Structure formats: structure tokens, C-alpha cells
Amino acid sequence: MIQKRDRSISRRTFLVIGSGAVTAIALNLRYGTKPVEAKNGSPKEVNIVEFSNSGQREETVSLPAIVKSDSEWKQQLSSDAYEITRRAGTERPYSGQYWNLHDKGLYRCICCDTALFNSDTKFESGTGWPSFWQPIAKENVRESIDMSLGMERTAVSCRRCDAHLGHVFADGPKPTGLRYCMNSASLKFVKFA
Ligand SMILES: [Zn+2]
């Protein structure tokens, strides 16, 4: 008797899950899986401020957003950089190559070379992650609410290619009071020429 009832429940559960999967497939077909692309199929344009390798601010340019498949990113990036930038991972503190770097230079996106931070705004946060009090240009990053891990944080990503970079917190030093807590693996340091 009990056995029978269990079976009918599990069959019903199966049917519910099954119809959910069909709906998900239908939605995927209908809306596609590339949300950063514009309606006409070409990547949307983003405004990026360009910087020379000596840190000189150049012009603001409109460029197509960079969209690549997972397998293309895997081929281009180290496994650490892939996990962090494309899957919103976090490197272990004190494990990255830049948390203790004091050289003067630019930090560019590991995925697309967009200039993200200047060493002039880097500070000792004591966290084991490279920390900055502001991005090199607000146009070059995107901030979004991140509700993962049961807390509300502000995630920071590259405007041009959507690479996850880290998070920003409101406990930084003057003049902004902000702490951009970045992953070394999402950055590429270029010493000032
Ligand atoms: Zn990028």
C-alpha cells in the first residue's frame, strides 16, 4: 500500500520535472542563449576609454562588446583565469600574482585588454587580493548586484567582455572610500612604458 503511494508520487514528480525541462528548452529556443547580443545578431556597442601603456588617457571609443563561446574562452585563458572571469570564481587570498605588487603600471583585462586599474590607486588592503580605490575609468567596468553565497555584494566586471573581476566594498580609503577587491587572475599587469 505504502509502496504504491510512493510510486505514484515519484511518477508525478517525474512528470513535473519533465514538463519543466521541456519549458526550459522551449524558452532557450525562443530567446537564445546570448543575452549580450543586440536584436539584429551583432554584438552591442559599448563605450570604452582607451589608455596607452604609459597610462595616458586617450579617447572614448564605441566598440563592439566581445562575445565568445565557453570553449573559445577555455582555449584562450588559463584554467584559473577561466574559472574566475567566466564562472565568477574567486582565487584564494595571497595566492595571486598581484596582491603584493608595487610596480607602476596599468592593470588590463586578462580576457580583452581593456584598461581597468592604474597602480596609482592601488593600496594595501591586508586582504591578500589586489585592491584599488577606483577603476581607471568608470566607463570600463560594470557593477551589478550579486546575491550569491547568501549575502548581497556588488560584483565588478569588464564592460567590454563581461569578465568577472571581483567585488567593490564601501570600506576603502580616501578619497573614494571604496575598495575594489580584485582577483589577480582576471588582470594582466603592464608596466608603464
Ligand atoms: Zn574584458
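Nothing in this text is a laboratory measurement; each read-out follows from the coordinates by a stated rule. No experiment lies behind these values; they were computed from the predicted model shown. Virtual Cβ from ideal backbone geometry, glycine too; neighbours counted across all protein chains shown.
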Exercise for the section: Taking a cut-off of 15 Å between Cα atoms, list the aspartates and glutamates near LYS174, but don't count ones fewer than 8 places away on the same chain. Expected result: ASP120, GLU124
Exercise for the section: Using the Karplus curve 6.51 cos²θ - 1.76 cosθ + 1.60 with θ = phi - 60°, work out ³J(HN,Hα) for each residue of the range 88-100 in order, rounded to whole Hz, and write x for Gly and Pro. Expected result: 6, x, 9, 7, 5, x, 6, 9, x, 8, 10, 4, 10
Completion exercise
Given Cβ charges of +1 for Lys and Arg and -1 for Asp and Glu, the option among GLN76, THR60, THR90 whose Cα lies farthest towards the positive end of the dipole of the range 45-191 is THR90
Fill in the blank from the handout: The answer for ASP146, listing residues at least 5 apart or on another chain whose modeled amide H is closer than 5 Å to its amide H, is ARG153, THR154, ALA155
Practice task
Report the local net charge at LYS74: Lys and Arg +1, Asp and Glu -1, summed over other residues whose C-beta lies under 13 Å from its C-beta.
Solution key: -1
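Counting only other residues whose beta carbon sits under 10 Å from that of PRO173, what net charge do I get with K and R as +1, D and E as -1? Mind dumping the intermediate values first?
Working: positive: LYS174, ARG179; negative: GLU124, ASP171.
Spelling it out: positives minus negatives among the neighbours equals 0.
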Fill in the blank from the handout: If amide H atoms are modeled at 1.01 Å from N in the peptide plane, then the residues at a separation of 5 or more from ALA88, or on another chain, having amide H under 5 Å from its own are HIS164
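Filter the cross-link list LYS68/LYS138; LYS44/LYS104; LYS74/LYS188 down to pairs whose alpha-carbon distance in this structure exceeds 22 Å. Show your work: numbers first, answer last.
On the way: LYS68/LYS138 24 Å; LYS44/LYS104 33 Å; LYS74/LYS188 17 Å.
Table pairs above 22 Å Cα-Cα are LYS68/LYS138; LYS44/LYS104.
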